[in-house]
Structure formats: structure tokens, C-alpha cells
Amino acid sequence: MAAMPAVKTPANIGKHEMKLVVMKFGGTSVEDAAAIGRTSAIVAGRVASGKNPVVVVSAMAKVTDHLLRAAAAAAQGDRTGALAISSRLRARHRDTSAELVKDKAAAAALVQLIDEKFDALDEVLRGLSAIRELTPRISDQIVSYGERLSSRIVAAAFCERGVAAAHIDAREIIVTDSEFQKAAALDDVIEKRATERIKPLVAQGNVPVMGGFIASNEEGLTTTLGRGGSDYTGALVGGALDAETIEIWTDVDGIMTADPRVCPDALRVRVISFEEAAELAYFGAKVLHPATILPAVRKNIPVLVLNSRNAACEGTRIISVAPHCQSPFKSIAVKRKLTIIDIVASRMLMTHGYLSKMFAVFDKHKCPVDMVSTSEVSISLTVDSNSSLPEIAADLSKMADVKYEGKKALVCMVGEDIRGQNGIAAQVFNAIRHINVRMISQGASEINMSFMIDEDDADEAVRSLHAAFFKEPDPAIFDVEARKRLSVVSGQ
Ligand code: ADP
Ligand code: ASP
Ligand code: MG
């Protein structure tokens, strides 16, 4: 008797049968019909090369900002202003859809869907303008429309271009705690749902398309993963599905040696370790959301950062162990809008339990601390300027004298190859000797060197450091060819 073929359940549709690749496209990669057209072509190319893409998209560029502005206007009672923003967004989504989807039935269905979503959004904005209280929960409900809309439009555009897209509501897969606006992922639930919902769709030859950033708590209420959180969704889905790679498609060629907006001669980093990339993301390199690397590390999945406007470029490969680099640093990150808090408590500082009482204040206000430095009588810490500073200061002043000063920036130089090298700190501070440095730290990981300066000095500091440390970059690690091509074009 012939052996019965094994029954395929979602869980045993394995990696060897599917070549799963998670492809996350950021706001600029779906900003208008032309961008969505490029994105469709990139995904179609992956399908043609035998891969099984799972696509995660952000809201169209700037849509999240506009939605937040509409929410703020409504909360101040400006109903007309809030509805005007919504109406402009409705027109933008309708126009983009009309340009992309020509099939009559599909176009009509899409317009109806867009209108339904905007009608529902307007209802929330009207309610908010009457109640005038914007809770984190309502804020998440409002911003969620960005990704809910973009993912529908992208899925319809894919279908029109012959890519068999299957839309999934991300909120049914990405389950989080109830910390609205910065919710934490519940990995086990996500893994189960992704396996049950996404894998069968892929097995049937579909390309699942879902929104990033948005999620739901276990009661089904909409939550979000924090600004820039679509990268994190991509990584969560990649981790849950045990994908071959997680691709982050954006508007730059990869992770660069500095933010190219600040430093136009920044170079692409070809390869970087998980640890270095996580450090850069945490310390402000906007190209990656800080939590992106975690799911990738857990399953050892390479992350690629790629440019949807220059798809031929090989991008940056983030892997567990990066090759040795001749240059001490890989990249420079800047975290802005920080505040330094100075706490002065003569003789009390080193007494038993004092520090823990002090940190309990930050804990109470759910305020993460970035950098700490202590002396015998004082302690200085840096926190995000959006934190509830007056309340924190009031609580701290029960224990000590407290001063705080905003408009600070943390510059962070990252590179594994600084480990064990002498004289690097001297070179760093020599390069920025014209700038006043407030605090200095070298993390326990020994792969970063960070210091605090005035926000107004940040761009100048980055450019000076870049000029000093990336004069002769290691060609195995950095794309020096691009710099040569540029200098030929500009005749330098
Ligand atoms: P997306 O919308 O695709 O998620 P983001 O705007 O969040 O894109 O991130 C891409 C931007 O990150 C780039 O346009 C660039 O200005 C900024 N950026 C900051 N630091 C870096 C860096 N080290 N390398 C590359 N880009 C960086
Ligand atoms: N749309 C969200 C934001 O602008 C999430 C993202 O783009 O990653 O923050
Ligand atoms: Mg981003």
C-alpha cells in the first residue's frame, strides 16, 4: 500500500518548503502612486526569484503626523480643523488609489473601503472634539487608520499588477500588552497567530500584506508599537515565521556612517553586527526602530536595510557576527530633545538605598534614563524631553536639590572594533575640542562611546567626527566606491 502523504498543518509547513522573506516598506516607499508602483515591482521581483514575501507597510509618508495633528485639534475643540485634516487625507488616499487601481470593480470596492474608514475616523474626531480628552487609547485608535488604509491600497495595487496579495489586519496577528502608544509585543501569541494565519496564505501562493505599527491588546483594543514601529512589526513577523531574512526598505541605501541629512558624504555600511545596529537604533539612528533587532537576534535572522528608490544597491546586512573592521567606528548616531537632570545631595548619595529610591521615581513616571554619571555629591541623568519632567523633579526634590536643562543631544559613536584600542577617546575629543561636552559615557558593552552636548552643536559635532574617523574607511566594510563615483561627478 502506498504511504499516505503527511498531513500539512500550518505548523509543519516548514522553512525548507517556503522561502519566507519579510519585506517592510516605510512611509516614503508607499508615499504616492509612483512609490507604491516601485514597491510592487520590487515584491514582484522577489516572487519571480522563487521567494515567498510577506509584506509589512507603514502609513503613507507623513500620514501618522497628520492624524496626530487632527487628534490634537479635535481634543482642543477645533472640530472644523480636525475634519479639514481628515478630508485632505481622504482626498490623498482616494487620488492615490485611483491612480493605481484601474480595474473598475476593484477601484469601486477600494474607494468604498476608504470612505468607510474615513467616515469612521470622522466620527471619532467629532466625538473627541465634544469630549476634549485625548487618551493614549483614543490616540492609537486614530493613528491606526494610517496603516489600515495604506495596507489596503498597497494590496489592491499588487493585485492589479499580478501579485496575488492577501490583505491581513495586523491587529489580528500582532498582540501586545495594553501600554497604548508604546505597547510591548506578546511573542508567543504572535508566533501562534502568525503560524496559523500567515503560513497557510503563503502556502496557497499568496503574498500577505499587512500594516506595520498597529496591533491590539488581548481584549482586541487597538494599540501601537511607538513611532517608527513598523520596522518592529516586520521583525516580529519575521521572527514568528522563522523567515530567511527580514528586509527593511526605506529611502536611503542602508545604514550609513551618519544620518545623510546631517552629513551628506556619509558612506553606506555594507555589513554590521546585531549588537552594533541595536546600539545605533537605540541611540537615535532613525533608520531602524530600536526594538527591530530583538526578534532577529532571537532567531538569528539576517536583517537587510535597502533602498526602494535604488533597489539595485545591495544595502546593509545586519548579522550576528560582523567581520573585523580596520576603522574603529561603524556609524555615528544622535539622539535629540533630551534633558539633563542634575541631582545634588551632599553626603546622602552613597548611603544605602538612596540610588534605588531615586530610580524608583523614574520608574513611577515610566521614564527611561539614557545616561547616568555620578560624583560624590551629585548625579546627572538624561531623559527624553517629552517625559513628565515637572512631576519627576517634584518627586526628586523630596530627596535632594534638583535642576534640569533641556535642548541637549546625545552623540553616540558605535563600533565593535574600539574594544581594546587605546587612544580612541583622545581622538574623539580632539575632533570636537571646539564643542562643550557635558557628560561622557562608554557603555558596558564597550562598543559605543557617547557624550552629551547642546542640541545646537549636534550637527557640527557629527560632521567633525565624521571627517576625523571616516577619512580612510575600510573598503571591505564601507562603500567607498560610492564616494569615488560622487567625486568624479562633482569633479573633485
Ligand atoms: P522609513 O519611513 O522608511 O521607516 P525613516 O525616516 O524612519 O524611514 O528612516 C530613514 C531615515 O533615517 C533616513 O532618511 C535618514 O535621514 C535617517 N537616518 C538617521 N541616521 C541614519 C543612518 N545612520 N543611516 C541611514 N539613515 C539614517
Ligand atoms: N507610521 C508610523 C510612524 O510614522 C510607523 C512607521 O512608519 O514605522 O511612526
Ligand atoms: Mg522608520
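With coordinates expressed along the principal axes, the C-alpha atoms belonging to the stretch 281-374 extend over 60, 29, 28 Å, beginning with the largest. For the chain, the alpha carbon convex hull comes to 196 Å³ per residue, rounded to a whole number.
Each Lys or Arg adds one and each Asp or Glu subtracts one; over the other residues with Cβ under 9 Å from the Cβ of Asp384, this totals +1.
A convex hull fitted to the Cα coordinates of the stretch 123-172 yields 74 cubic angstrom per residue. Under a 5 Å amide H cut-off, with hydrogens placed 1.01 Å from N, Glu179 pairs with Ala184 among residues at least 5 apart or on other chains.
Over the chain, Cα pairs under 8 Å with separation of 6+ residues give a relative contact order of 13 percent. The charge dipole of the stretch 54-112, taken about the Cα centre with unit charges on the Cβ atoms of Lys, Arg (+1) and Asp, Glu (-1), comes to about 100 debye, rounded to the nearest 20. In a reduced charge model with +1 at each Lys and Arg Cβ and -1 at each Asp and Glu Cβ, the chain shows a dipole moment near 700 debye about its Cα centre. Taking a straight line from the alpha carbon of Lys182, these lysines sit under 21 Å away, with near neighbours fewer than eight places off in the same chain left out: Lys24, Lys62, Lys286, Lys335, Lys337, Lys364, Lys366. Normalised by residue number, the volume inside the convex hull of the Cα atoms of the stretch 346-409 is 85 Å³ per residue.
Ranked by the mean number of other Cβ atoms within 10 Å per residue, highest first, peptides 63-71, 195-203 order as 63-71, 195-203.
Peptide packing for 160-170, 284-294 was compared via the average number of neighbouring C-beta atoms within 10 Å per residue; ordered from the highest value, the list is 284-294, 160-170. Sorting Ser385, Ser87, Ser97 on solvent-accessible area from highest to lowest, probe radius 1.4 Å, gives Ser87, Ser385, Ser97. As an equivalent ellipsoid, the stretch 187-340 spans semi-axes of 28, 18, 15 angstrom, where each value is the square root of five times an eigenvalue of the C-alpha gyration tensor, largest first.
Computed over the stretch 12-65, the P(r) curve from all C-alpha pair distances, binned at 10 Å from the origin, holds 24, 44, 22, 10, 0 percent per bin.
Relative to its Kirkwood radius, the Cα radius of gyration of the stretch 203-289 gives an Rg/Rh of 1.03.
Taking only the alpha-carbon atoms of the stretch 132-252, what semi-axes of the equivalent ellipsoid follow from 5 times the gyration tensor eigenvalues under a square root, in whole Å, largest first? Walk me through the numbers before you get to the answer.
On the way: eigenvalues 112, 57, 35 Å².
So the three semi-axes of the stretch 132-252 are 24, 17, 13 Å.
Protein heavy-atom surface of the stretch 373-492, 1.4 angstrom probe: 48% of the accessible area is carbon and sulfur, with nucleic acids and ligands not counted.
Between Met256, Ile272, Ile246, the Cα set farthest toward the positive side of the dipole of the stretch 241-283 (charges on each charged residue's Cβ, about the Cα centre) is that of Met256. The shape of the stretch 22-161 can be summarised by an equivalent ellipsoid whose semi-axes, obtained from the alpha carbon gyration tensor, come to 30, 16, 11 Å from longest to shortest. For the stretch 143-284, the relative contact order works out to 21 percent when only alpha carbon pairs closer than 8 Å and six or more residues apart are counted. Farthest toward the positive end of the dipole of the stretch 366-484, out of Val437, Ser450, Val414, is the Cα of Val437, where the dipole comes from beta carbon charges about the Cα centre.
Annotation: amide H-H contacts under 5 Å for Val271 (H modelled 1.01 Å from N, sequence separation of 5 or more, or interchain): Arg317. In the full protein context, the chain carries 45 Å² of accessible surface per residue, based on a 1.4 Å probe and ignoring ligands, DNA and RNA. With respect to the chain, whose longest principal axis is taken over its alpha-carbon atoms, helix 136-160 is tilted by about 50°.
Computed over every Cα-Cα pair of the stretch 334-484 and binned at 5 Å starting from 0, the pair-distance distribution P(r) comes out as 2, 8, 17, 18, 17, 14, 10, 7, 4, 3, 1, 0 percent.
Calculate for the chain the 222 nm mean residue ellipticity that helices alone would give, adding -39,500 (n - 2.57) per DSSP H run of length 4 or more and normalising by residue count, nearest 500 deg cm²/dmol.
Mean residue ellipticity at 222 nm (helix-derived): -13000 deg cm²/dmol.
Ranked by the mean number of other Cβ atoms within 10 Å per residue, highest first, peptides 255-265, 240-250 order as 240-250, 255-265. Per-residue Karplus couplings for the stretch 359-376, computed as 6.51 cos²θ - 1.76 cosθ + 1.60 with θ equal to phi - 60°, are listed in order as 5, 4, 5, 5, 5, 4, 8, 6, 10, x, 9, 8, 9, 9, 9, 10, 10, 5 Hz, Gly and Pro entered as x.
Projecting the Cα atoms of Ser129, Ser87, Asn386 onto the charge dipole of the chain (Cβ charges, centred on the Cα centre) puts Ser87 farthest toward the positive pole.
Of the solvent-accessible surface of the stretch 212-362, computed with a 1.4 Å probe over protein heavy atoms with every protein chain present, carbon and sulfur atoms account for 56 percent.
The values are calculated or read from the model by the stated rules, or taken from the named source; none is laboratory data. Keep in mind it's a predicted model, so treat the numbers as computed, not measured. Heads up, the Cβs are rebuilt from the backbone with ideal geometry, glycines too, and the neighbour counts pull from every protein chain shown. Protein only, heavy atoms only, side chains kept; ligands, DNA and RNA dropped before computing areas. Shrake-Rupley method; radii C 1.70, N 1.55, O 1.52, S 1.80 Å.
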